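A quick write-up on the structure given underneath.
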Amino acid sequence: MRLVVSAGDPSGDARASEVLRELKTMTELDMEGLGGDHLASIGMDLHHHLREYSVMGFAEILSSFRKLLSLKQSMRSIIGSVRPDALLLVDYPGLNIPLGVWAHNRGIRVIYYISPQLWAWGTRRVKKIARGVDMMITLFNFEVDFYDRYGVHAEWAGHPLVESVTVPLEGSPVDGHLALLPGSREQEVSALLPDMLDALVILRADHPGLEARVASVASVPEALYSRAASMEGVSVVKTSSQALSSARAALVCSGTATLETSLYGVPFAIAYRTSPLTYALAKLLVRGVERIGMANLVTGEDIAPELIQDQVSGDGLAGAITSFMSRGPERERAIERLVKVRAALGEPGASGRAAVMIREFLHDSTGNR
């Protein structure tokens, strides 16, 4: 089996590598395209490394327009020359949705793993998905119902985090450290980490000696973590799991990290800040979505407090988790709510189920189930 893969951000790189590792145990597999270190580690031939293209937000994408246009043209050339059994798209909708339509129109079967949040962006992009994607594999069950309404073949695999995080929900110690998860992209870390560190300083007034662990990402410049590394009682660790293990509370960026934090049973607050232009455009375009944090979105409830744009400050972040730092009913209720996130992510084995879906789909010569 030969696949061209397009995974343009760190989380997509990690999730795709988990599925394709499983698929390699089922069939011979050749992979090439856009990805990162995780995909490279399982033998994918990287024509492009995601570190050059991992951006988020309208304004940021506009500023990288020429680079992304060149990437799109290159990926088209790769697909056209390879003529793979399928194009596997992983999240990253700005590139992947039009790339899927282009490939589908040329007779290439297109599989999309990890749905973009189209239920927040209206129907225009869903119609493009319907024209360019043969099968959508989702992480969340509610997304299948959404796609069914628009005639898109979608199947739910569940979320692979469930199988990698198995700690009991009551495992968060009240005397533990503070976990800081500022994101996986340079722009997220630069926008959020300084205020998270300010919050730590404020919290130490009531909790002397409070230590913290900052989850870093290899693709983010070390300089962005330099203040954290120089602070007494602060450790910069290599993974989010190291930051979350034995944490009493956490400050977390708005994406997948909120799900992981929930699975660790750590009460937390969500921080989201982007450029003023990106936020203004998002408010105009997004309709019917009242929450921004992934844990809150997948449950439809306020699992964790959200601080957005100007609300993100040292005082704001510290205030949002003050009640989680000590024993009491608010901390207990916050931890109890996290059970709902685990339920929304499905049973263990998501990567294996997704791999089986891909194999079975491609073994059908017509590309239809």
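The values are calculated or read from the model by the stated rules, or taken from the named source; none is laboratory data. Everything quoted here is computed from the prediction, not taken from an experiment. Heads up, the Cβs are rebuilt from the backbone with ideal geometry, glycines too, and the neighbour counts pull from every protein chain shown.
Results, tabulated for the structure shown:
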{"read-out": "Residue check, Ser226 assigned to a helix (DSSP H, G or I) and either at pLDDT below 95 or among the small types (Gly, Ala, Ser) (or both)", "value": "yes"}
{"read-out": "Any pair with Cβ under 9 angstrom, 6 or more apart, that starts in the stretch 173-186 at a residue that is not assigned by TED's automatic domain parsing to the domain that holds Val252 and ends at one that is surrounded by fewer than 22 Cβ atoms within 10 Å (Cβ to Cβ) and not in a loop (DSSP other than H, G, I, E, B)", "value": "none"}
{"read-out": "Some residue of the stretch 214-221 being farther than 18 Å from Gly12 by Cβ, outside any strand (DSSP E or B) and either outside the structural domain of Glu52 (by TED's automatic domain parsing) or acidic (Asp, Glu) (or both)", "value": "yes"}
{"read-out": "Residues of the stretch 292-301 that turn out to be touching a residue at least 12 places away in the same chain (Cβ under 8 Å), in a loop (DSSP other than H, G, I, E, B) and farther than 12 Å from Cys253 by Cα, as a count", "value": "1"}
{"read-out": "Enumeration of residues in the stretch 146-189 that are within 20 Å of the chain's Cα centre (by Cα), in a loop (DSSP other than H, G, I, E, B) and not hydroxyl-bearing (Ser, Thr, Tyr)", "value": "Ala157, Gly158, His159, Pro160, Val165, Pro182, Gly183, Arg185"}
{"read-out": "Positions within the stretch 128-174 being of a type outside the set (Ser, Thr, Tyr), under 22 Å from Ile335 (Cα atoms) and out of contact with any Gly (no Cβ under 9 Å at 6 or more places or on another chain), in sequence order", "value": "Leu161, Val165, Pro173, Val174"}
{"read-out": "Yes/no for Ala343 being part of a helix (DSSP H, G or I), more than 24 Å from Leu210 (Cα to Cα) and modelled with pLDDT of 95 or more", "value": "no"}
{"read-out": "Residue under evaluation Ser115, criteria (1) at pLDDT below 95; (2) part of a helix (DSSP H, G or I), criterion not met", "value": "(2)"}
{"read-out": "Flag if Ala228 is touching a His at 6+ places or on another chain (Cβ under 7 Å) and either not assigned by TED's automatic domain parsing to the domain that holds Ser11 or not hydroxyl-bearing (Ser, Thr, Tyr) (or both)", "value": "no"}
{"read-out": "Residue satisfying all of: in the stretch 324-335; of a type in the set (D, E, K, R) and over 22 Å from Ile292 (Cβ atoms); surrounded by the fewest Cβ atoms within 10 Å (Cβ to Cβ) among these", "value": "Arg327"}
{"read-out": "Test: residue in the stretch 81-93 that is over 23 Å from the mean Cα position of the chain (by Cα), β-branched (Val, Ile, Thr) and either surrounded by fewer than 20 Cβ atoms within 10 Å (Cβ to Cβ) or in the same structural domain as Gly328 (by TED's automatic domain parsing) (or both)", "value": "yes"}
{"read-out": "Residue pairs meeting the criteria (Cβ under 6 Å; at least 6 apart or on separate chains; first not assigned by TED's automatic domain parsing to the domain that holds Pro116 and in a loop (DSSP other than H, G, I, E, B), in the stretch 246-272; second among the polar types (S, T, N, Q) and modelled with pLDDT under 95)", "value": "Gly265/Ser172; Val266/Ser172"}
{"read-out": "Any chance Ile321 is of a type in the set (Val, Ile, Thr), touching a strand residue (DSSP E or B) at 6+ places or on another chain (Cβ under 6 Å) and buried (at least 19 other Cβ atoms within 10 Å of the Cβ)", "value": "yes"}
{"read-out": "Failed item in (1) in contact (Cβ under 8 Å) with a residue 40 or more places away in the chain; (2) closer than 16 Å to Thr261 by Cβ, with Ala212 passing the rest", "value": "(1)"}
{"read-out": "Qualifying residue in the stretch 281-300 (condition: crowded, with 18+ Cβ neighbours inside 10 Å, among the charged types (D, E, K, R) and at pLDDT 95 or above)", "value": "no"}
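Every residue, every condition in (1) charged (D, E, K, R); (2) closer than 10 Å to Leu181 by Cβ; (3) surrounded by fewer than 17 Cβ atoms within 10 Å (Cβ to Cβ), yes or no:
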site: Arg213; (1), (2), (3): yes, yes, no
site: Ala223; (1), (2), (3): no, no, yes
site: Ser240; (1), (2), (3): no, yes, no
site: Leu244; (1), (2), (3): no, yes, no
site: Ala249; (1), (2), (3): no, no, no
